[in-house]
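Okay, structure first, notes after.
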Amino acid sequence: MSTISPFRPALERALNHALAHLDGLERQAVGARASLDTLRARLSVPLGDAGMPAAQVIDELAAATAGGINGSAGGRFFGWVIGGALPAALAADWLTSAWDQNAATFACAPAVTVIEEVCGGWLKELLGLPRDASFALTSGCQMAHASALAAARNALLARRGWDVERDGLCGAPPLRILSGDQFHGSITRAARLLGLGSGAVTGLPVNQAGQLEAATLQQALIGSAGGPVIVLLQAGDLNIGACDRFAELIPLAHRYGAWVHVDGAFGLWANASARYRHLLAGVAHADSWATDGHKWLNVPYDSGFAFVAHADAQRRAMSYEASYVAHNDHVREPKDWNPEWSRRARGVAAYAALRQLGRDGVDAMIERCCAAAHALVSGIAALPGVELVWAPTLNQGLLRFPDPRPGATEADHDRWTDQVSGAVLAGGEALFSNTTWRGKRCMRVSVCNWQTGDADVARAVAALARVLERARPRPPDLAV
Ligand SMILES: *Cc1c(COP(=O)(O)O)cnc(C)c1O
């Protein structure tokens with residue numbers, strides 16, 4: 001007599017709900033429609049004494065979240081910097097959960113430990129980083145920063161005879177982080193987590209192109225008077241995708257004994273593209289790099305990567321020996337490189353994404369996203385009532401919508417810009433998020449999804465055209 005697997009009913013429901021969601025993205029509104037109150041009312045049911053069948057849990061989850069899921073898995077989601085999930089990566093992510101390995105050590109998770117080893121090697125090759133760099137597979141770029149900067153902290157202080165792993169920071173020479181002022185908030189938080197404090201981060205003025213100038217950096221390096229310094233450079237800043245001039249700045253920082261860390265959350269992927277890698281010339285000479293899998297590589301969430309050129313520093317910052325943990329010297333033990341102890345085998349999904357795409361597929365995806373960003377921005381900028389603020393050099397662009405009323409002020413333009421993207425969101429055809437850049441509200445255009453194609457661009461431009469057309473005769477009325 002055969003017995004039915006206790007997993008099958010719930011997993012089959014999950015598969016059906018997942019496919020209904022993914023296949024429905026074409027027709028659904030891109031932005032979630034359910035209100036906070038609605039979602040709370042549906043989800044915050046009393047936790048009863050009695051449980052329920054697993055399949056019913058999944059059905060009720062799908063029902064209760066309906067309308068509360070953004071269409072970020074689809075091709076018309078251009079908000080923030082958010083990728084989708086490649087089919088192989090999504091499926092591998094499901095398998096990762098089914099296997100439920102603790103990817104801390106080879107003994108706990110033999111196959112996935114090897115997968116992570118291989119994945120790190122592939123990523124270094126693809127991103128043009130040194131072959132012998134060490135790496136960590138983290139929850140995202142935030143923790144990749146924290147991991148890489150922990151290695152920087154270790155190395156910079158070790159050079160001054162200070163063992164930060166044993167003695168902490170009290171009494172240590174103060175560490176500073178110098179960066180262009182467009183750095184991401186995750187840097188500040190990494191500085192806080194590492195005990196450096198947000199005050200350790202100095203944002204230096206950038207030029208018109210959003211890049212740190214060598215003279216500005218040099219002055220700041222001189223001003224730091226031989227103290228331990230991390231120079232943070234940008235491979236793709238969050239608003240305009242600006243990339244610092246690595247070939248010039250990295251040798252300069254090294255002359256002053258600084259550690260150079262690169263925030264390449266999405267922009268480091270330009271190095272996988274024959275067409276765009278010139279933007280990152282010289283980036284391989286940095287000391288550490290942080291990037292994401294869940295943005296441009298289109299791996300499901302919980303995927304970031306840290307790379308460190310000085311493996312010994314990363315190992316000193318992260319490794320731990322315990323009597324109950326078998327250590328295997330023939331394999332890369334994840335616990336020696338990552339900030340976590342027990343951890344998800346998050347390398348499996350990244351491995352699958354890389355295999356699905358291959359080197360050419362990654363290159364093509366980067367180029368396709370950049371082309372779509374360019375087409376979107378130029379298509380929208382060609383409409384009446386639009387100001388082009390930043391044409392994408394990579395996959396990020398900025399637009400502004402001047403308030404058409406006579407005598408409108410900058411504050412009116414700011415408000416109008418928010419209203420226009422709000423109206424696009426309400427229309428359901430596309431989702432953009434806004435930002436304040438150089439003091440002005442702008443609509444950001446970010447393309448990171450493997451699925452975004454010409455038809456998506458056309459639908460989004462048409463949606464903007466409708467909103468602006470409707471707005472023209474009587475400006476204040478943008479109701480949809
Ligand atoms: C998204 C982003 C980060 C933070 O990455 P998470 O994966 O969200 O932790 C850091 N820097 C830049 C430039 C980003 O775009």
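The values are calculated or read from the model by the stated rules, or taken from the named source; none is laboratory data. Computed from a prediction, not measured in an experiment: that's the story for all the values here. Using ideal geometry, Cβ is built from the backbone for each residue, glycine included, and neighbour counts are taken over all protein chains shown.
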- Those strands (runs of 3 or more DSSP E) lying entirely in the stretch 129-207 with at least 1 residues farther than 15 Å from Thr291 by Cα and within 16 Å of the ligand (Cβ to nearest atom): 176-180, 201-204
- Filter the stretch 74-100 down to residues that are buried (at least 19 other Cβ atoms within 10 Å of the Cβ) and in contact with a helix residue (DSSP H, G or I) (Cβ under 6 Å, 6 or more places away or on another chain) and give me whichever is nearest to Leu376 (Cα to Cα). Arg76
- Query: Listed residues Ala281, Ala313, Ala309; which is more than 15 Å from the ligand (Cβ to nearest atom), surrounded by fewer than 16 Cβ atoms within 10 Å (Cβ to Cβ) and under 16 Å from Pro130 (Cβ atoms)?
  - Reply: Ala281
- Note on the structure: Here the qualifying pairs (Cβ atoms under 7 Å; residues six or more apart or on different chains; first in the stretch 79-101 and under 17 Å from Leu297 (Cα atoms); second crowded, with 19+ Cβ neighbours inside 10 Å and basic (Lys, Arg)) come out as Val81/Lys295; Ile82/Lys295; Gly83/Lys295
- Task: Would you point out which residue out of Ala214, Ala220, Ala209, Ala225 is outside the structural domain of Ser446 (by TED's automatic domain parsing), more than 20 Å from Ala148 (Cα to Cα) and touching a residue at least 40 places away in the same chain (Cβ under 8 Å)?
- Result: Ala220
- Pick from Arg400, Arg438, Arg368, Arg444: which is at positive phi and within 25 Å of the chain's Cα centre (by Cα)? Arg438
- Message: Take the conditions crowded, with 17+ Cβ neighbours inside 10 Å, within 23 Å of the chain's Cα centre (by Cα) and more than 16 Å from the ligand (Cβ to nearest atom) and apply them to Arg355. Does it pass?
- Response: no
- The listed residue being of a type in the set (Val, Ile, Thr) and in contact with a Lys or Arg (Cβ under 7 Å, 6 or more places away or on another chain), out of Val389, Val331: Val389
- Message: With farther than 21 Å from Asp302 by Cβ, at pLDDT 95 or above and of a type in the set (Ser, Thr, Tyr) as the only criterion, which of Ser139, Ser147, Ser35 stands out?
- Response: Ser35
